[in-house]
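I have placed the structure first, in the form of structure tokens, so that the comments after it can refer back to it.
The values are calculated or read from the model by the stated rules, or taken from the named source; none is laboratory data. No experiment lies behind these values; they were computed from the predicted model shown. Reconstructed Cβ throughout: ideal geometry from the backbone, glycine too, with neighbour counts over all protein chains shown. For accessibility, only protein heavy atoms count, side chains too; no ligands or nucleic acids. Shrake-Rupley method; radii C 1.70, N 1.55, O 1.52, S 1.80 Å.
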Amino acid sequence: MTTSRTLPMTVPAQDLPARVRIHEVGARDGLQNEKAVVPTEVKAEFIHRLAASGLTTVEATSFVHPKWVPQLADAEDLFPRLADIGGVALPVLVPNERGLDRALALGARRIAVFGSATETFAARNLNRTVDESLAMFEPVVARAKADKVHVRGYLSMCFGDPWEGPVPVHQVVRVAKALMDLGCDELSLGDTIGVATPGHVQTLLAELNEEGVPTDTIGVHFHDTYGQALSNTLAALQHGVTTVDASAGGLGGCPYAKSATGNLATEDLVWMLQGLGIETGVDLDALTATSVWLADQLGRPSPSRTVRALSVR
């Protein structure tokens, strides 16, 4: 792998953001979908390497009950191992007040709650209706905000549901606005099964704006099931979105939605953004080396096209 690339050539496009913040989810959303439990020391090394590559937000783990996500059962052991990482936000997922208690006890200052735009996924993922899940999140968000903790609201199944099919835009907007009305600082729109297309993305963003959710509070979280993640990301950038979720090496999926394949690979995203002249602060070669290292730990090649291309140069 070369460390002095001249490609991609930078050719900016009009009306795109000058800078994008990548919300790296590989260590949480990626590793939670692994069949085998990754050792805590490997997770800690992975997060340190991601931070060293220039990523400014690295989602670290989840304080969900180990029964539901055994791959992340080591949250209490892992999080203190990250205390020496400076200048990098390390958000954690919390499902309820008990999860919040565990996260705050370890000094977490950024949390995320995880909701659903559809009833079936809310039942399967949270064992609640959509409105019951919002009621569960209300005290979590309120307590976090009272403690000046940053709160992200994830909303899954925004573009399609494997059980319910198409999800009406107005239905997504209702739940998204309800999450923001609880006090969330930002909203991540999840294409959990990767069925979104660019026009759908821009329509949803426009409807959210009309209902009072500003673009600068919105992030996008695309899965690449149908090869649409980058085109959907570009559509979101054209709308003015500047926060994009991605997973190093393309790790991840969703353990509760079997048709959900890997996330948008961070390296593929950075390659596109570099070509567009959009700043990320990420060293693509260092990030690629990290994903190659993790692939070796997992015993299989990375699904990221950019990782594969750069690692054989």
Worksheet item: So is Val92 at pLDDT below 95, in contact with a Ser or Thr (Cβ under 8 Å, 6 or more places away or on another chain) and open to solvent by less than 30 Å² (accessible area, probe 1.4 Å) or not?
Response: no
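Can you find, within the range 112-125, the residue that is farthest from Met180 (Cα to Cα) among those that are touching a helix residue (DSSP H, G or I) at 6+ places or on another chain (Cβ under 7 Å) and buried (at least 21 other Cβ atoms within 10 Å of the Cβ)?
Going through the qualifying residues, I end up with Ala122.
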Worksheet entry | In the range 51-67, residue nearest to Leu90 (Cα to Cα) [restricted to those that are in contact with a strand residue (DSSP E or B) (Cβ under 9 Å, 6 or more places away or on another chain) and either at pLDDT below 95 or among the acidic types (Asp, Glu) (or both)] | Glu59
Worksheet, complete the sentence: How many residues of the range 266-313 are part of a helix (DSSP H, G or I), within 20 Å of Leu237 (Cα to Cα) and open to solvent by 40 Å² or more (accessible area, probe 1.4 Å)? The answer is 2
Worksheet entry | Residue in the range 40-70 that is most open to solvent (accessible area, probe 1.4 Å), counting only those that are under 23 Å from Asp101 (Cβ atoms) and among the hydrophobic types (A, V, I, L, M, F, W, C) | Trp68
Practice prompt. Test Val37 against the stated conditions and say whether it is under 25 Å from the mean Cα position of the chain (by Cα), open to solvent by 80 Å² or more (accessible area, probe 1.4 Å) and of a type in the set (A, V, I, L, M).
Written response: yes
Practice prompt. Take the residues in the range 145-170 that are open to solvent by 50 Å² or more (accessible area, probe 1.4 Å) and touching a Ser or Thr at 6+ places or on another chain (Cβ under 8 Å), then tell me which one is nearest to Ile193 (Cα to Cα).
Written response: Pro162
Item to complete: Check off (1) surrounded by 18 or more Cβ atoms within 10 Å (Cβ to Cβ); (2) in contact with a helix residue (DSSP H, G or I) (Cβ under 7 Å, 6 or more places away or on another chain); (3) closer than 20 Å to Pro39 by Cβ for Ala73 and give me the number that stays unchecked.
Response: (2)
Discussion item. Test of understanding: among His239, His221, which residue is at pLDDT 95 or above and open to solvent by 30 Å² or more (accessible area, probe 1.4 Å)?
Written reply: His239
